[in-house]
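Working notes for the structure below.
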Amino acid sequence: MALWLVLIIIGVIMIVLGVAVTAAKVLLWIGIALLVISLIGWIVGRGRSRA
C-alpha cells in the first residue's frame, strides 16, 4: 500500500476521533495535518510518475 494512502486513512481516522471526542482536539489537528501532507505527497508523486 502506498505511503500517501496509509497517511490519508490515518488522517481520516484521527479527524473522526477528534470530532467524536471533544477533549481530543489535538487529534483533530494532527489528522488534518496528516491529510494535507499525504495529499501533497500524492500530488507530487503523481507528477513525478508522469515525467
Equivalent ellipsoid dimensions for the chain as semi-axes, Å, which come from the Cα gyration tensor, largest first: 26, 9, 5
The chain - mean residue ellipticity at 222 nm from DSSP helices (-39,500 (n - 2.57) per run, n ≥ 4, rounded to 500): -30000 deg cm²/dmol
Nearest-10 value in Å² for the accessible area of L3, using the 1.4 Å probe: 130 Å²
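Multiply the residue gap between L5 and A33 by 0.36 nm, knock off their C-alpha separation, and tell me the result in nm, one decimal place.
Values: separation 28, 0.36 × 28 = 10.08 nm, distance 1.42 nm.
Extra length available between L5 and A33 comes to 8.7 nm.
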On Cα atoms only, tilt of 3-20 relative to the major axis of the chain in degrees: 20 degrees
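Sort S38, S49 by heavy-atom solvent-accessible area, probe 1.4 angstrom, most to least.
Working: S38 0, S49 90 Å².
From most accessible down to least: S49, S38.
The values are calculated or read from the model by the stated rules, or taken from the named source; none is laboratory data. Just so it is clear, the model here is predicted, and its values are computed rather than measured. Accessible surface is based on the protein model in full, side chains and every heavy atom, while ligands, DNA and RNA are left aside. Shrake-Rupley method; radii C 1.70, N 1.55, O 1.52, S 1.80 Å.
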